[in-house]
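Everything below concerns the one structure shown next.
The values are calculated or read from the model by the stated rules, or taken from the named source; none is laboratory data. Just so it is clear, the model here is predicted, and its values are computed rather than measured. Neighbour counts are summed over all protein chains in view; Cβ atoms, including those assigned to glycine, are modelled from backbone coordinates with ideal geometry.
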Amino acid sequence: MKCKIIVRAPVNPTEDLDKIIEALSNIFDYDDIIISEESVTVTGNVSCLLPLKEFLEKRQIRDTARKMILKGWNEKSETINIKLSKQAAFAGLVNLVDDDLSPLGEIEVEIHTEDVEEFVDWLCAH
């Protein structure tokens, strides 16, 4: 399955950059990392989502994840956009969120895939 994953976490002046990198590392096995003053961006292919997939299986939240992922699907651009709690990720947990709940911002996950059904079935398989 061919996918391109782009994950972006905003960095606020009051936040520790190392903690943001750790939060991303807790959830994603990324290939590349780009650090700027405003954000940390990691990229990879579908394999970078293996820790996320394992977490969804362990916590038995695959059905909820499936709904949130399909809600974030943009058919025209063949892109899925979801948000994760930055604080939960730092603690090694996955918390999918609808809106920006934290004033510090959320982790934004952009998934480019031609076959959303295949992708969702893989990520959220029972």
Checking TRP73 against (1) under 13 Å from the mean Cα position of the chain (by Cα); (2) crowded, with 18+ Cβ neighbours inside 10 Å, which single condition isn't satisfied?
(1)
Does the stretch 92-111 hold any residues that are more than 12 Å from the chain's Cα centre (by Cα) and farther than 18 Å from VAL11 by Cβ, and which are they?
GLY92, ASP98, ASP99
Search the stretch 28-70 for residues being among the polar types (S, T, N, Q) and closer than 11 Å to CYS124 by Cα, and hand back the single one that is surrounded by the most Cβ atoms within 10 Å (Cβ to Cβ).
THR64
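Yes/no per residue for (1) in contact (Cβ under 8 Å) with a residue 12 or more places away in the chain; (2) not in a loop (DSSP other than H, G, I, E, B):
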site	(1), (2)
SER47	yes, yes
ASP63	yes, yes
ARG66	yes, yes
LYS76	no, no
ILE80	yes, yes
SER102	yes, no
ALA125	yes, no
Looking only at the stretch 104-118, and only at residues there that are over 12 Å from TRP73 (Cβ atoms) and not acidic (Asp, Glu), the one that is surrounded by the most Cβ atoms within 10 Å (Cβ to Cβ)
ILE107
Run VAL42 past the list (1) β-branched (Val, Ile, Thr); (2) part of a loop (DSSP other than H, G, I, E, B); (3) closer than 20 Å to ILE69 by Cβ and report the number of the one that doesn't hold.
(2)
I'd like to know if the stretch 9-32 contains one or more residues that are at pLDDT 95 or above, of a type in the set (Gly, Ala, Ser), more than 15 Å from ALA88 (Cβ to Cβ) and part of a strand (DSSP E or B).
no
